[in-house]
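Working notes, structure below.
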Amino acid sequence: MMFTLGPTTQQNYPEIPKLPLHLHKNHTPKLLLLCFPFLRFFAMPPTLSLTLAHYLALLLVLLIVVVEAHLPANGIAGEFPTFREAPAFRNGRECRNRAHGESVFHIAMTLDATYLRGSIAGVFSVLQHTSCPENVVFHFIATTHRRAELRNIITTTFPYLAFHLYHFNANLVRGKISYSIRRALDQPLNYARMYLADLLPANVRRIIYFDSDLIVVDDVAKLWKIDLHARVLGAPEYCHANFTNYFTHRFWSNPSYAASFNGRDACYFNTGVMVIDLWKWREGRYTEKLESWMRIQKRNRIYELGSLPPFLLVFAGDVERVGHRWNQHGLGGDNLEGLCRDLHPGPVSLLHWSGKGKPWLRIDSKKPCPLDSLWAPYDLFRHSFSLFSDS
């Protein structure tokens, strides 16, 4: 559209062009929404001369663009996104009835506004690839008082899903958490995995714990059926990682702390994918052991990485080894920059975007990494109507 600096007798004014802006209805304050009917009036005065009204209208549009660009696609922080209903998945003929307790697979995940989009994608991926989807029971954990809203989201997105929703009391860990290198690692819900034995019913003997930034591309029954032998916990181990980097100099320079690994062939493992025997966990009082290290951390700063180091201190060297295919982790890059990464060599059953970069955020910012395209088919996020969309 052309503007001139002098009067004109032109009467057929062109239409205001549509802007390439995707504005979520929940992002824009009501005052700005009330201003939209006046934009056309300001932009089409009796002449095409630039007036103060033009500048005000343009500044208003620019303000909206800036505000929208800095808000997440799933709404203002604290709001829950909405999702499309997932297709119904039914058991194959080989599946036993869920009434037989040994045929049920229990999976635990956390739910919150920030990671809900990832959690929904993770659930969808599990159901799509397992041979007995009706035998999967999800155990969701949340800290928010808005659990009724979360329950409604899960029910409307997965009408046939068997699930339970538990409240995690953030006060259990709030006084024990020390700051880490990334704020997301300091959230109380990140520590809920330590309290699964307390949260879940006593009749649930085994649980698979999944982070909210992963998708499963294989039958989860294979992971469920691994033999833990006498161990409490099973997970993929990565013994090539430099184990000393997960703790501070203060830890390694303290003989009593360093001696905690004596007699153990300790290897790094990622706590975003774990198979846990809850009965043995309760018998061994492992929650108390993890809390003990958290209290030491508050006094002496012996590590930097949230809930992971306590698990390493308690379990490393005594983990039932699971194939690496069940945690192709690190796809979110490191904890500082979140750069793109490639898959590790070998077969893949689970893709895990651990690290700072999350696929839904990179996709929404139009800066996806190549592997984010593997996550996108499981994204059930319902994109809202755009007032400025070309479609």
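The values are calculated or read from the model by the stated rules, or taken from the named source; none is laboratory data. None of the values given here were measured: they were computed from a predicted structure. For neighbour counting, all protein chains shown are included, and Cβ atoms are generated from backbone atoms with ideal geometry for every residue, glycine included. Each accessible area value is taken on the protein alone, full model and side chains, heavy atoms only, with ligands, DNA and RNA left out. Shrake-Rupley method; radii C 1.70, N 1.55, O 1.52, S 1.80 Å.
Brief remarks on what is shown
- The range 121-204: relative contact order as a whole-number percent, Cα under 8 Å and 6+ apart: 27
- In the range 280-338, taking the dipole from charged Cβ atoms about the Cα centre, the farthest positive-side position among Ile296, Leu336, His324 is held by Ile296.
- Burial order of peptide ranges 267-273, 337-343 (average beta-carbon count within 10 Å, highest first): 267-273, 337-343
- Extension reserve of the Arg147-Ala202 stretch, reckoned as 0.36 nm per residue once the Cα distance is removed: 17.6 nm
- Were the residues from Ser103 through Asp334 laid out at 0.36 nm apart, the gain over their Cα-Cα distance would be 79.4 nm.
- Computed lengthening from Ala230 to Leu52, 0.36 nm per intervening residue step minus Cα-Cα distance: 56.4 nm
- Beta-bridge orientation, the range 100-378: approximately 40 percent antiparallel, per DSSP, counting only bridges with both partners inside.
- Once both labels are positioned 7 Å from their Cα atoms along Cα-to-Cβ, the gap between Ser292 and Glu79 label points is 4.7 nm.
- Ligands, DNA and RNA left out, the accessible area of the range 100-378 computed with a 1.4 Å probe is 51% carbon and sulfur.
- Heavy-atom accessible surface of the range 100-378, averaged per residue, reaches 42 Å², computed with a 1.4 Å probe.
- A probe of 1.4 angstrom, applied to the heavy atoms of all protein chains, finds His383 with accessible area near 120 square angstrom.
- Spin-label zone in the range 282-322 - amide nitrogen under 15 Å from a point set 7 Å from the Cα of Ser256 along the C-beta vector: 292-302
- For the pair Arg174 and Cys239, label points projected 7 Å from Cα toward Cβ lie 4.3 nm apart.
- 5 angstrom amide H check on Leu350, placed H, neighbours 5+ away: Val217, Asn327, Gln328
- Whole-Å distance, taken between Cα centres, linking the range 267-302 and the range 345-385: 29
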